[in-house]
Amino acid sequence: MGYYLKRFVPALAVLALLAPATAQAQTAAPIIQPGAPGMPGREITAEQSLELGRSRYTPADAAFMQHMIVHHGQAVEMGALIEARTTHRGVRLLGQRIALSQASEIAMMRTWLRRRGEPLEMPGHGEHHMAGASGHHMASAEAAPSTTPLMPGMLSPAQMVELAAAEGHRFDELFLTGMIEHHQGAIGMVEALLAEPGGGEDPEMSDFLTAIIADQSTEIMRMRNMLAEIG
């Protein structure tokens, strides 16, 4: 009997040492890589997580995110005008969807920049400057609002003032034509980034760029159809 106890006790000690490691391996939470807004995340290995952490991005990537935050911000402002200016159900639903999705993407872009230690604003354009750049705020009586957009696809300050003053059918036309131009500008910005050496190769950004092209191309078609219907 003593012989078997001598053999059994060391075995129990080994099992006791292995048990915590086994339990830890079994209970370890999976690593999920977030997808682009509207896209599902995916489970990745610890090695893949480390590799993603080492993913390189370019100055053009960071500039794209900074510019697209401003670009998306104007779309959110445009969507905020809808409630009081149109009764067209299709325009209201579409505008609300665009405003919500682009606000979500703004949050994602800010997080992307913070994680990489990059400024959130475009160089030379802080938050206070952006308020006037979109054109939502009226210009002074002495100076007419500018007709030059801040970047491709954005409405000029003068166009934003015109949109904010419109109602009913006129608002619907201005909103849809303006948002089509806005989406086309965003797609053009994606294409310009992808033409840069190494641009858009960061995995998270790559998913985001794909989502922009797919979602906004679909919305452009919907808005063109809606424009044709309201004639």
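Please specify each residue of the range 156-192 satisfying the condition of being within 18 Å of the chain's Cα centre (by Cα) and small (Gly, Ala, Ser).
Scanning the range 156-192 gives Gly185, Ala186, Gly188, Ala192.
Every residue in the range 165-184 that is surrounded by fewer than 19 Cβ atoms within 10 Å (Cβ to Cβ) and in contact (Cβ under 8 Å) with a residue 24 or more places away in the chain, please.
Across the range 165-184, the qualifying residues are Ala166, Glu167, Gly168, His169, Glu173, Thr177, Glu181, Gln184.
Would you confirm whether any residue within the range 187-208 is open to solvent by 50 Å² or more (accessible area, probe 1.4 Å) and closer than 24 Å to Glu83 by Cβ?
The answer is no; no qualifying residue exists.
What are the residues in the range 81-96 that are surrounded by 14 or more Cβ atoms within 10 Å (Cβ to Cβ) and assigned to a helix (DSSP H, G or I), if any?
Gly90, Val91, Arg92, Leu94, Gly95, Gln96
Of Ala99, Ala63, which residue is open to solvent by 10 Å² or more (accessible area, probe 1.4 Å) and at pLDDT 95 or above?
Ala63
Tally the residues that are closer than 17 Å to Gln216 by Cα and under 11 Å from the mean Cα position of the chain (by Cα), restricting the search to the range 71-107.
10
What are the residues in the range 111-134 that are open to solvent by less than 50 Å² (accessible area, probe 1.4 Å), at pLDDT 50 or above and in a loop (DSSP other than H, G, I, E, B), if any?
Within the range 111-134, Leu120, Gly126 meet the criteria.
More than 22 Å from Pro149 (Cβ to Cβ), part of a helix (DSSP H, G or I), among the charged types (D, E, K, R) and in contact (Cβ under 8 Å) with a residue 40 or more places away in the chain: is that true of Glu219 in this structure?
Considered against the rule, which asks whether it is more than 22 Å from Pro149 (Cβ to Cβ), part of a helix (DSSP H, G or I), among the charged types (D, E, K, R) and in contact (Cβ under 8 Å) with a residue 40 or more places away in the chain, Glu219 comes out as no.
Conditions (1) closer than 14 Å to Ile82 by Cα; (2) small (Gly, Ala, Ser); (3) out of contact with any Gly (no Cβ under 6 Å at 6 or more places or on another chain); (4) modelled with pLDDT of 95 or more, marked per residue:
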residue	(1), (2), (3), (4)
Ala144	no, yes, yes, no
Thr148	no, no, yes, no
Pro152	no, no, no, no
Gln159	no, no, yes, yes
Ala164	yes, yes, yes, yes
Glu167	yes, no, yes, yes
Arg170	yes, no, yes, yes
Ile180	no, no, yes, yes
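The values are calculated or read from the model by the stated rules, or taken from the named source; none is laboratory data. Every value quoted in this text rests on a predicted model; they were computed, and no experiment measured them. Reconstructed Cβ throughout: ideal geometry from the backbone, glycine too, with neighbour counts over all protein chains shown. Just so you know, the surface numbers come from the protein's heavy atoms only, side chains and all, with ligands and any DNA or RNA stripped out. Shrake-Rupley method; radii C 1.70, N 1.55, O 1.52, S 1.80 Å.
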